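Below you'll find the structure, written out as structure tokens, and then a few comments.
No lab work stands behind these numbers, since they all come straight from the coordinates. What you see is a predicted model, and the numbers here were worked out from it, not measured in a lab. When we count neighbours, we look across all protein chains shown, and the Cβ atoms used for this are built from the backbone with ideal geometry, even at glycine.
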Amino acid sequence: MTTATTTKYTSVLVIDDHKMIANGIKLLIGDLFENFYMAQDGATAKSLALKHNPEMIIVDNFLPDITGDILVRDLKYKHPMAKILVYSFTYSADVIVKMLQAGANGYVVKKDDDEEFIKAVQLLLQNKEYFSPEARIHIINRFSGTEDDYSVKHLIANIKFSGKEIELIRLLCKQMNTKEISKSIGLSERTVEQYRSNIARRIGAKNLAGIIKFALQNGVVQLDDL
């Protein structure tokens with residue numbers, strides 16, 4: 001089992017109704033924190049959070065007294081500086097999107113390996129966001145082609161993308177030309193070129209191959225889509 005070692009942080013609160021899982025998390029990341037708190041239900045979690053104001057909160061979606069997204073929304077409102085990581089068995093698109101909208105800073109599925117979980121914890125503690133590949137794909141699929149910038153921002157390699165930009169990246173990966181893309185997403189050809197140039201600059205891509213590589217690495221498209 002891999003353990004995480006780095007600078008110590010003040011405290012973490014783990015909310016999971018399975019004590020064995022909470023203890024497993026403690027083995028993995030306990031050394032990162034001076035204080036480690038556990039709660040098995042939402043009411044206890046709220047009380048501990050209010051008392052200790054943890055830097056990080058790790059929460060399951062299924063709890064005996066409250067749904068995860070409602071708890072996350074409440075915790076984020078009362079403790080806006082806390083980094084909230086959802087750690088759940090479910091990879092339902094609806095649940096993942098609800099958690100994102102509630103204010104979660106990251107989402108990892110419990111079937112993922114220990115390294116994935118530790119990576120998420122460390123990135124959140126560095127004031128970044130992290131959604132595991134499966135979660136990220138669900139979010140991108142849900143919001144691509146929409147104007148809901150709030151729901152997409154910060155999700156792809158920590159770069160803000162609007163729904164239009166996500167759709168444009170996908171169409172570029174299919175090697176559609178400017179005129180075809182313009183008709184597909186309802187933007188002028190000049191605007192499409194501006195979008196493309198801006199996207200390439202932000203992701204550090206020198207050409208279309210670079211954009212495709214970025215899209216594949218970050219789950220925006222799959223090989224079967226190309």
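General observations
- Over region 41-102, the fraction of Cα-Cα pairs per 5 Å bin, rounded to whole percents and listed from the shortest bin up, is 4, 19, 33, 26, 13, 4, 0.
- Cα-based values for region 6-67, radius of gyration first and Dmax second, are 11.1, 35 Å.
- For residue 58, nonlocal amide neighbours, meaning residues 5 or more places apart or on other chains whose placed amide H falls under 5 Å from its own, are 13, 14, 15, 85.
- Zone of residue 94's modelled label, taken as backbone nitrogen in region 110-135 under 19 Å from a point 7 Å along Cα→Cβ: 135
- Evaluated at q = 0.09, 0.12, 0.16, 0.18 Å⁻¹, the base-10 log of the normalised Debye intensity for the chain, with identical point scatterers placed on the Cα atoms, takes the values -0.41, -0.68, -1.02, -1.20.
- Semi-axes of the equivalent ellipsoid for region 9-137, computed as √(5λ) from the eigenvalues of its C-alpha gyration tensor and ordered from largest down, come to 18, 17, 14 Å.
- Calculated from backbone phi, Karplus (6.51, -1.76, 1.60) coupling profile of region 16-29 in Hz, x at Gly/Pro: 7, 7, 9, 4, 4, 5, 4, 5, x, 4, 4, 5, 6, 10
- At 1.567 mPa s and 4 °C, Stokes diffusion of region 80-138 via Kirkwood alpha-carbon radius, µm² per second: 115 µm²/s
- Charge dipole (debye, nearest 20) of the chain; +1 at Cβ of Lys and Arg, -1 at Cβ of Asp and Glu: 780 debye
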